[in-house]
Amino acid sequence: MVGEIDIVALSKLALSGKEADIRLYLAKAVKKLRATDLETSKKIEELLKDNPTRSRDVLRKSMPESDADRVLEPSMDSAIPLLKSQKMYESQVDEPIFEQSIEDSLKQVLNERRNSEKLSRFGLRPCSSLIFQGPPGVGKTLTASWLASMLKLPFYTLDLTAVMSSYLGKTGSNLRSVIDFAKSHPCVLLLDEIDAIAKKRSDEADVGELKRLVTVMLQELEDWPSAGLLVAATNHPELVDPALWRRFDFVINFNNPSEAQTESAIRSFLDKDLKYFQKWLPLCVQALKGTSYSNIKKTIEKLRKTRVLTPEFFEKSLMQALFCNLEDMTRPERIELAVKLVSDFNVSQVKSSELTGVSRDTIRKKLKEKLI
């Protein structure tokens, strides 16, 4: 035994050619060595970082078939693959549209990661865990993949709803298998829907299993390898165990885009078709503000296709697409939209009234007030 490394065990793994098992063994050794031999732990961690695994096939070749299937293939009681793998660094990932506070936090994360050696000389470690919270469609997953691209690391996504199993004890082993694999080499691991661990706490039959899952997560977050990055995402922050929040290095809040961000997103999604939509741009912003980026993208792509395939119905389709959220508008917002249709887009007062539900008398009154 040298420090915390069993040379015989390591030799057996090396001679068997099981690279993933070797990496996993060394990753665990690094964790133990930090308490007894910090210098050696840093050297081994750098070796793991500088020599990334050749491919995800390594896991299949070096682990027993049943274990490999449990991590990278659908579980016995789920049709959803447990771990989705994508080498984001091999393709360009467009930078999401960030509000300033998010952009500042992400710059800090990237700066720490790119200067990990400098931090190490002062006994400091770069950020290794983040949690993103916010409503669906605001770019949490896209941001995680963008981070992987910027760091030139493989990107893995684990949907925790897929890990949840009806077989007592199987969920914890699934989660540990995925985490052990992610810790065996530098990568970005996204734990999507992390609140799935806490959502069913009211189900007394599952409390024991769920508590064990939280314990697993707390243990792993405590000392995640600095060569990798763990990102968690949740749409329901109120369901996440409070003890988990304290373990993450950064908590980043995502919100639906502001009006200015909505316009930037629309312009980006229109791309080369912006010139055809220029006159409708203010109306698009008015109709889509307050919704998610994913909804904005979906709506704009639908309108672009309509303009190409059925141009004669384009304006009618545009109205229908933009007014799908009309019921969610407040009365002042409806009035503002009705007046804008008439004053800015030459829509008749009759048509504007039909589309918005605002009376013609109200529209005429507001138009007169604008002239005063």
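What does the charge count around Arg307 come to, taking other residues whose C-beta lies under 15 Å from its C-beta (Lys +1, Arg +1, Asp -1, Glu -1)? Write down the numbers at each step before the final one.
Values: positive: Lys272, Lys275, Lys279, Lys302, Arg304, Lys305, Lys316; negative: Asp271, Asp273, Glu301, Glu312, Glu315.
Charge balance near Arg307 sits at +2.
What ranking do 38-48, 327-337 get when scored by the average of other Cβ atoms within 10 Å per residue, highest first?
On the way: 38-48: 15.8, 327-337: 13.5.
Going by the mean number of other Cβ atoms within 10 Å, highest first, we get 38-48, 327-337.
Pairs Lys140/Lys340; Lys289/Lys365; Lys43/Lys183; Lys279/Lys365: which are spaced more than 22 Å apart, C-alpha to C-alpha? Walk me through the intermediate numbers first.
Numbers: Lys140/Lys340 34 Å; Lys289/Lys365 26 Å; Lys43/Lys183 16 Å; Lys279/Lys365 25 Å.
Those over the limit are Lys140/Lys340; Lys289/Lys365; Lys279/Lys365.
Expected output is a single nm value to one decimal: the length gained when fully extending between Ser294 and Glu315, i.e. 0.36 nm times separation in residues minus the C-alpha distance. What is it? Please report the intermediate quantities before stating the final value.
Details: separation 21, 0.36 × 21 = 7.56 nm, distance 2.22 nm.
Length difference between fully extended and current span is 5.3 nm.
Can you give the FRET efficiency to the nearest 0.05 for Arg331 and Arg364, using r as the Cβ-Cβ distance and R₀ = 22 Å?
Working: r = 17 Å, r/R0 = 0.76.
The calculated FRET efficiency here is 0.85.
Going 7 Å from the Cα of Ala260 toward and past its Cβ, which residues in the stretch 98-112 have a backbone nitrogen under 16 Å from where you end up?
Within reach of a label on Ala260: 98-104.
Defining a contact as two alpha carbons under 8 Å apart and six or more residues distant in sequence, what relative contact order in percent does the stretch 274-372 show? It would help to have the intermediate numbers written out before the result.
Working: 58 pairs, mean separation 21.3, N = 99.
After rounding, I find 22 percent.
Which part of the stretch 240-258 falls in the paramagnetic zone of Asp104, meaning amide N under 20 Å from the point 7 Å along Cα-to-beta-carbon?
249-258
Can you compute the FRET efficiency between Ser120 and Arg176 using 1/(1 + (r/R0)^6), with r the Cβ-Cβ distance and R0 = 30 Å? Round to the nearest 0.05.
Values: r = 28 Å, r/R0 = 0.94.
Calculated value: 0.60.
Per residue, how big is the convex hull of the stretch 259-371 when only Cα atoms are used? Give it in Å³.
102
Can you figure out the FRET efficiency of Phe323 with His236, using R₀ = 25 Å and their beta-carbon distance, to the nearest 0.05?
Calculated transfer efficiency: 0.25.
FYI, it's all coordinate maths here, none of it is from the lab. All values reported here derive from a predicted model rather than from experimental measurement. Note that each Cβ is placed from the backbone with ideal geometry, even for glycine, and that neighbours are counted across all protein chains shown.
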